[in-house]
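The values are calculated or read from the model by the stated rules, or taken from the named source; none is laboratory data. Everything quoted here is computed from the prediction, not taken from an experiment. So basically every Cβ, Gly included, is an ideal-geometry build from the backbone, and we count neighbours across all protein chains shown.
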Amino acid sequence: MTQGHSTRSVADHAALVDRLIRTALSRRGPDTVAVEDAHGRVAHTDLRALIDVPSFRNSQMDGYAVDAAAVAEVPVELDVTGVVAAGDDGGDAHVPGTARKIMTGAPVPRGADAVVPVEDTEAVGGRVRIGRSRRSGEYVREQGSDVRVGDVVVPAGTRLEARHVGAIVAVGHASVAVRPRLRVAVVATGAELVAPGTEPGPGCLYDSNGPTLAAAAIADGAEVTVRTRSTDSAEHFAAVLDDALTRADVVVTSGGVSMGDFEVVRDVLGPRGGTFGHVGMQPGGPQGWTDLDGTPVISFPGNPVSTLVSYLIFARPVLRDLAGLPALRPDDAILVDAVRSIPGKRQFLRGRRTPGGITTSGPGSHLVASLAAADVLVDLPEDTTEVPAGATVRVWPL
Ligand SMILES: Nc1nc2c(c(=O)[nH]1)N[C@H]1C(S)=C(S)[C@@H](COP(=O)(O)OP(=O)(O)OC[C@H]3O[C@@H](n4cnc5c(N)ncnc54)[C@H](O)[C@@H]3O)O[C@H]1N2
Ligand code: MOO
């Protein structure tokens with residue numbers, strides 16, 4: 001990608017960013033975390049059962065443990081030989097032709113093979129009248145009927161949701177090996193930028209790209225370990241960058257990549273092996289990337305819409321995949337009004353779903369409030385120049 005000459009395709013640049021970020025993360029080994037901290041992490045290996053579940057035969061109902069043969073003919077009255085509660089051991093073996101009161105989850109006494117729910121019984125002194133017959137196995141949860149020792153309970157690569165955490169605890173794990181979480185440094189550049197909550201001087205504005213990129217990376221499962229700003233001084237940017245490199249697997253920068261006199265990102269990273277040029281899209285044309293001894297620096301253009309669209313197209317898919325989050329898929333939708341597109345560039349318009357179809361906002365890359373009002377990106381292919389009202393277009397969720 002040579003400045004001003006060649007233009008890379010969106011797909012080529014996306015593949016490059018994907019490879020750089022995956023390679024960077026692959027240098028880190030798995031983390032081991034307590035099961036309490038495993039939610040939202042991604043299983044590094046297949047998680048197998050360390051014990052059978054259930055680990056002992058137990059009752060599915062509050063009722064009476066019996067041998068099915070004793071209740072084949074009903075009604076019948078049986079002697080009650082005791083009570084088994086959850087947490088008890090199974091007690092003495094069952095004597096055929098008797099009943100033992102039993103609670104849900106309590107071990108079924110050896111020799112008993114069915115449970116009659118309490119609703120179908122009536123206590124009569126020290127005996128119980130059984131009003132309904134039950135077959136062998138009814139309301140008995142057999143050992144290993146859910147999972148057996150050694151079975152895979154959660155495959156490698158699964159993002160651990162509440163249900164997975166419950167299952168891995170139930171099968172005996174106290175800690176779990178998970179993929180490392182991608183550590184992202186966000187560096188916004190520009191002499192004009194001020195922190196939220198401070199008074200912008202003349203010509204200055206709030207740094208909205210830094211918080212945008214950090215929020216987006218967190219939403220896509222990464223850990224944002226550095227959030228910082230640099231002026232357009234090469235010394236300042238180099239110092240900020242060198243610090244970020246010690247704390248992150250990937251550095252994302254915004255601004256300073258186009259053709260002005262103060263393009264600090266390009267000026268500092270170009271001599272360190274960076275590549276800066278154009279990708280055939282709008283917004284987000286100017287892009288850069290640098291491999292700093294295995295830590296990729298992905299450089300997005302500074303316009304707020306360009307920064308976020310660049311992130312969504314180039315970084316979001318790989319971040320979501322590394323975090324075990326499902327890939328976002330495009331839909332087809334109807335355009336309310338006709339739109340134009342720049343020939344030779346893939347265009348991403350900001351759109352909003354309405355009952356009548358997708359409405360679009362202006363194409364300007366500074367329209368940060370219109371961006372907030374949008375909920376889809378309308379994806380127009382390179383060869384499109386005009387799309388009439390009522391046409392079907394491809395839209396991505398924002
Ligand atoms: N002669 C040319 N000029 C420009 C070209 C070009 O090809 N030739 N490309 C234009 C396009 S497209 C874009 S996009 C921008 C990209 O410029 P930079 O990446 O160098 O970004 P800056 O100049 O630093 O800033 C652009 C714009 O965005 C505002 N900005 C920057 N950072 C932030 C931030 N963190 N939060 C909020 N707003 C930010 C900045 O104030 C500028 O208005 O270049 C065009 N020019
Ligand atoms: O590509 Mo710039 O990103 O059009 O505004």
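Return the only residue of VAL250, VAL240 being more than 16 Å from ligand 2 (Cβ to nearest atom), without any contact (Cβ under 8 Å) to a residue 60 or more places away in the chain and either buried (at least 16 other Cβ atoms within 10 Å of the Cβ) or under 17 Å from THR307 (Cβ atoms) (or both).
Just one listed residue meets the conditions, VAL240.
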Tally of residues being more than 20 Å from the chain's Cα centre (by Cα), surrounded by fewer than 17 Cβ atoms within 10 Å (Cβ to Cβ) and at pLDDT 95 or above across segment 10-29: 3
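Residue by residue, here is whether (1) among the charged types (D, E, K, R); (2) assigned by TED's automatic domain parsing to the domain that holds ALA43; (3) surrounded by fewer than 20 Cβ atoms within 10 Å (Cβ to Cβ); (4) touching a helix residue (DSSP H, G or I) at 6+ places or on another chain (Cβ under 7 Å) holds:
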position	(1), (2), (3), (4)
PRO301	no, no, no, yes
SER306	no, no, no, no
VAL309	no, no, no, no
LEU312	no, no, yes, no
ALA338	no, no, yes, no
Can you tell which of LEU319, LEU349, LEU312, LEU325 is closer than 25 Å to ASP12 by Cβ and part of a loop (DSSP other than H, G, I, E, B)? LEU325
Name the pairs whose Cβ atoms lie under 7 Å apart, with the first residue in segment 201-223 and assigned to a strand (DSSP E or B), the second within 8 Å of ligand 1 (Cβ to nearest atom) and among the charged types (D, E, K, R), and 6 or more positions between them or separate chains? LEU205/GLU192
Among the residues listed as ALA123, ALA177, ALA99, the single one being surrounded by fewer than 15 Cβ atoms within 10 Å (Cβ to Cβ) and in a strand (DSSP E or B): ALA123
Going by the structure shown, is VAL297 crowded, with 22+ Cβ neighbours inside 10 Å, under 32 Å from the mean Cα position of the chain (by Cα) and within 16 Å of ligand 2 (Cβ to nearest atom)? no
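Which is among the hydrophobic types (A, V, I, L, M, F, W, C), under 31 Å from the mean Cα position of the chain (by Cα) and more than 28 Å from VAL184 (Cβ to Cβ), of LEU371, LEU335, LEU325, LEU377?
Answer to the check: LEU335.
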Which residue pairs have Cβ atoms closer than 8 Å, lie 6 or more positions apart in sequence or on different chains, and pair a first residue in segment 154-175 that is modelled with pLDDT of 95 or more with a second residue that is in a strand (DSSP E or B) and basic (Lys, Arg)? VAL171/ARG48
Scan VAL149, VAL153 and give me the residue that is assigned to a strand (DSSP E or B) and under 21 Å from ALA43 (Cα atoms). VAL153
It is to be established whether one or more residues within segment 329-336 are at pLDDT 95 or above, within 16 Å of ligand 2 (Cβ to nearest atom) and either among the charged types (D, E, K, R) or surrounded by 13 or more Cβ atoms within 10 Å (Cβ to Cβ) (or both). no
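Okay, residues lined up against (1) within 16 Å of ligand 1 (Cβ to nearest atom); (2) touching a residue at least 60 places away in the same chain (Cβ under 8 Å); (3) among the acidic types (Asp, Glu):
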site: ARG346; (1), (2), (3): yes, yes, no
site: LEU367; (1), (2), (3): yes, yes, no
site: ALA372; (1), (2), (3): yes, no, no
site: ASP375; (1), (2), (3): no, no, yes
site: ASP383; (1), (2), (3): no, no, yes
site: VAL387; (1), (2), (3): no, no, no
site: ALA391; (1), (2), (3): no, no, no
Pair list, Cβ under 7 Å, 6 or more apart: segment 97-117 residue hydroxyl-bearing (Ser, Thr, Tyr), other residue assigned to a strand (DSSP E or B): THR98/LEU78; THR98/ASP79; THR98/THR81; THR104/SER59
Of the residues that make up segment 183-197, is at least one within 14 Å of ligand 1 (Cβ to nearest atom), part of a loop (DSSP other than H, G, I, E, B), touching a residue at least 60 places away in the same chain (Cβ under 8 Å) and of a type in the set (A, V, I, L, M)? yes
